[in-house]
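> Structure in structure tokens, see below.
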Amino acid sequence: MDFAFDTVTEDLRERLLRFMDECVYPAEAAFEEQAATSGWSSPPLVADLKDEARKRGLWNLFLPGEHGAGLTNLQYAPLAEIMGRSPSLAPVATNCAAPDTGNMEVLSMFGNEWQRKEWLQPLLDGEIRSAFAMTEPDVASSDATNIATSIARDGNEYVINGRKWFISGAMNPECKIFILMGKTNPDAPKHRQQSMVLVPRDTPGMSIKRGMHVFGYSDADHGGHAEIVFEDVRVPVDNLIGEEGGGFAIAQARLGPGRIHHCMRLIGMAERAVELMCRRALERTTFGKPVAQQGVIQEWIAESRIRIEQLRLLVLKTAWLMDTVGNQGAHTEIQAIKISTPITVEWILDKAIQVHGAGGVSQDFPLAALWAGARSLRLADGPDEVHKRSLAYRELKRYM
């Protein structure tokens, strides 16, 4: 395993770091101000940042193959880390923001020709946003086979009935298409009951009820998280992605790269937290000496650095395995990073907040919002406990 950056990655890293320094960080304060008055729409300055990112060749970096930048997971991982230092702004500015990334991956891998033309291309061009409608309030969605929303065939149409919530990005009026997962055949084998269909935003019968808050945050700056009711929603059979019964497999294909992206962005968040922690500790004095000279603070800083380096190596190994042996071959490592990264970064952010005192939980620093994001990711893409259960079983299986 050689994790040295190749020339392509090094060039993109340098360009992305300049973009962050020259465009993203200076825009953060204005972004927050605009987000407070933009409702669910993207703050106006995002459009300018998107234009600048495209000019600099920093666009669709997440997507391999002909539709994207053609990078491997290992090449993209350090770029995702850099974007994670400003998670509300950098990913959307470069068209590398979830849930669009996962949806573009699904359409590029499983979509037919017209689906790619109608929906993938506008997403690739950054003209529209999208959402992934899977999670439901009435079942334990940590087991995706529990999904209860019905997708019933009626002639040349599917009729959808069900309720979803925490559908990220759905409150944004720029969100024009939903990839919905539901059951087309409840009598089929457990993992062949689910399918995915495309549901345009203006389809009759689809009602967006409210935006869900996350630790009090509306997350309006990136489109919020909606509760949506589907009542006799009809879409053409051609809106089916892949084949009937293929929804669970598509979901697994979607989540593999997404977990790498989340984890590398989390490491970027941790690096930002350590930087803020060190600067704050050097600026402030308690009991006659700088906070940075307090032993407990030094221990937190040292432990944070160790944990970041451990996480980064594990995530890079996972990315390398995904590139060399595929997602299935990297299954153990994908679960390991999904378990370890959010909770470790949550710990680092907690210490950075503590060093900042009252300021750490305020709107004057990004730490409180970063902590809420890290804590949420212990639930997104499957809760810790589900991944631990599966990981433990894979270990036990070797000795059965």
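The values are calculated or read from the model by the stated rules, or taken from the named source; none is laboratory data. Note that the structure is predicted; figures quoted are calculated from it, not measured. Because the Cβ atoms are built from the backbone with ideal geometry, glycine has one as well, and the counts that use them run over all protein chains shown.
> Would you point out which residue out of CYS23, CYS96 is within 19 Å of SER168 (Cα to Cα) and not assigned by TED's automatic domain parsing to the domain that holds THR324?
None of the others qualify; the one that does is CYS96.
> So which of ILE241, ILE250 is under 21 Å from LEU379 (Cα atoms) and surrounded by 14 or more Cβ atoms within 10 Å (Cβ to Cβ)?
After ruling out the rest, the residue left standing is ILE250.
Each row is one residue, and each column tells you yes or no for (1) basic (Lys, Arg); (2) outside any strand (DSSP E or B).
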{"site": "ARG153", "(1), (2)": "yes, no"}
{"site": "ASN161", "(1), (2)": "no, no"}
{"site": "LYS164", "(1), (2)": "yes, no"}
{"site": "PRO173", "(1), (2)": "no, yes"}
{"site": "LEU180", "(1), (2)": "no, no"}
{"site": "ASN185", "(1), (2)": "no, yes"}
{"site": "VAL197", "(1), (2)": "no, no"}
{"site": "ASP202", "(1), (2)": "no, yes"}
{"site": "ASP238", "(1), (2)": "no, yes"}
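> Output the residue which, of all residues in the stretch 199-233 that are in contact with a strand residue (DSSP E or B) (Cβ under 6 Å, 6 or more places away or on another chain) and aliphatic (A, V, I, L, M), is farthest from CYS96 (Cα to Cα).
By that ranking, first place goes to VAL233.
> Sort out which residues of the stretch 322-336 are more than 17 Å from ARG394 (Cα to Cα) and touching a residue at least 12 places away in the same chain (Cβ under 8 Å), and write them in order of number.
Result: MET322, ASP323.
> Something else: Please specify each residue of the stretch 1-26 satisfying the condition of being within 19 Å of ARG312 (Cα to Cα) and either touching a strand residue (DSSP E or B) at 6+ places or on another chain (Cβ under 6 Å) or among the polar types (S, T, N, Q) (or both).
THR9
To keep it simple, each residue is scored yes or no on (1) crowded, with 21+ Cβ neighbours inside 10 Å; (2) of a type outside the set (D, E, K, R).
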site	(1), (2)
PRO257	yes, yes
MET264	yes, yes
MET277	yes, yes
THR286	no, yes
VAL291	no, yes
ALA302	no, yes
ARG305	no, no
GLN310	no, yes
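> Take ILE308 and decide whether it is assigned by TED's automatic domain parsing to the domain that holds TRP347, over 27 Å from MET1 (Cα atoms) and touching a residue at least 24 places away in the same chain (Cβ under 8 Å).
no
> Residues that are of a type in the set (Phe, Trp, Tyr), closer than 23 Å to HIS225 by Cα and in contact (Cβ under 8 Å) with a residue 12 or more places away in the chain: does the stretch 368-387 have at least one?
yes
> Here's another thing I want to ask about it. Within the stretch 355-367, track down each residue that is touching a residue at least 40 places away in the same chain (Cβ under 8 Å) and crowded, with 19+ Cβ neighbours inside 10 Å.
If the condition is that a residue be touching a residue at least 40 places away in the same chain (Cβ under 8 Å) and crowded, with 19+ Cβ neighbours inside 10 Å, then VAL355, HIS356, PRO366, LEU367 are the ones that fit.
> Hey, another quick one. For the stretch 255-293, give me each residue that is out of contact with any strand residue (DSSP E or B) (no Cβ under 8 Å at 6 or more places or on another chain) and among the basic types (Lys, Arg).
ARG259, ARG265, ARG272, ARG279, ARG280, LYS289, listed by residue number.
> Within the stretch 260-297, which residues are over 19 Å from SER86 (Cα atoms), of a type outside the set (Val, Ile, Thr) and within 32 Å of the chain's Cα centre (by Cα)?
ALA281
> Residues in the stretch 48-79 that are surrounded by fewer than 16 Cβ atoms within 10 Å (Cβ to Cβ) and within 15 Å of SER108 (Cβ to Cβ): how many?
Selection size over the stretch 48-79: 3.
> Okay, next question. What residue, among those in the stretch 126-151 that are among the small types (Gly, Ala, Ser) and assigned to a strand (DSSP E or B), is farthest from the chain's Cα centre (by Cα)?
SER150
> Here is a follow-up. Do you know which residues across the stretch 204-234 are in a loop (DSSP other than H, G, I, E, B), more than 13 Å from ILE167 (Cα to Cα) and either without any contact (Cβ under 8 Å) to a residue 40 or more places away in the chain or under 20 Å from the mean Cα position of the chain (by Cα) (or both)?
Passing the criteria: PRO204, PHE215, GLY216.
> Quick check, is LYS351 assigned to a helix (DSSP H, G or I), modelled with pLDDT of 95 or more and surrounded by fewer than 18 Cβ atoms within 10 Å (Cβ to Cβ)?
no
> Sticking with this one: Here is a check on your reading of the model: is GLY126 crowded, with 16+ Cβ neighbours inside 10 Å and under 26 Å from ALA27 (Cα atoms)?
Judged against the criteria, GLY126 is a match.
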